[in-house]
Amino acid sequence: MTLGGTLAGLATAAGLEFTAPHSVLAQSKLSPNAALKELMDGNQRFISGRMTSHELDLAILKQNTVDKQEPFAAVLSCADSRVPVELVFDQSIGHVFVARVAGNVVTPEIIASLEYGAAVLGTKVILVMGHANCGAVKATIQGKEVPGQISALFPIFDLR
Ligand SMILES: [Zn+2]
């Protein structure tokens, strides 16, 4: 039995109303300001090294997201491996709807994904997260020849 299940069972046996930890509940019921605060608070926990998302009961989170998802926020982030969104905001399964692309640029597909998150899933805030030392931005600025279809990202950055 999982820890969360054990606590629920004990609470029920004791005649108490079980209240799940805030992060296990449907997040889309948060206000936009509360959703943004949840992300910022999570980022502060990440920065301070006091993350709590790993303490959440993954079994409950998985079970709650089998048939539906109710992420409280959407994040557009670079695909860079150094900015893992869930870790950076100390979140877990079902909490954040993430669109990632090199350079965190907006394409019609990315906009469609973020619209799906807001209009269908009910995300209350959309956060666009850039980062330092972005290889996609550097490559665009350098304008050198690159292999494959990497250069498809360049026009998106071009502000001329
Ligand atoms: Zn980047």
Those residues that are free of Cβ contacts under 8 Å to residues at least 60 places away in the same chain, within 16 Å of the ligand (Cβ to nearest atom) and either within 22 Å of ASP41 (Cα to Cα) or acidic (Asp, Glu) (or both), I need them from segment 105-136; list them, please. VAL128, MET129, GLY130, HIS131, ALA132
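Please indicate, with yes or no, whether at least one residue in segment 129-150 is within 12 Å of the chain's Cα centre (by Cα), hydrophobic (A, V, I, L, M, F, W, C) and surrounded by 15 or more Cβ atoms within 10 Å (Cβ to Cβ). Before the answer, list the steps.
The first filter runs over segment 129-150 and keeps only residues within 12 Å of the chain's Cα centre (by Cα), leaving 129.
Filter again for hydrophobic (A, V, I, L, M, F, W, C), leaving 129.
Filter once more, so that each one left must be surrounded by 15 or more Cβ atoms within 10 Å (Cβ to Cβ): 129.
Yes, some residue in segment 129-150 is within 12 Å of the chain's Cα centre (by Cα), hydrophobic (A, V, I, L, M, F, W, C) and surrounded by 15 or more Cβ atoms within 10 Å (Cβ to Cβ).
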Among (1) within 16 Å of the ligand (Cβ to nearest atom); (2) surrounded by 15 or more Cβ atoms within 10 Å (Cβ to Cβ), where does ASN64 come up short? (1)
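Any read-out appearing in this document is the output of simple, stated calculations on the displayed coordinates, not a laboratory observation. Nothing here was measured: the structure is a model prediction, and the numbers come from that model. No Cβ is skipped: glycine too gets one built from the backbone with ideal geometry, and neighbour counts run over all protein chains shown.
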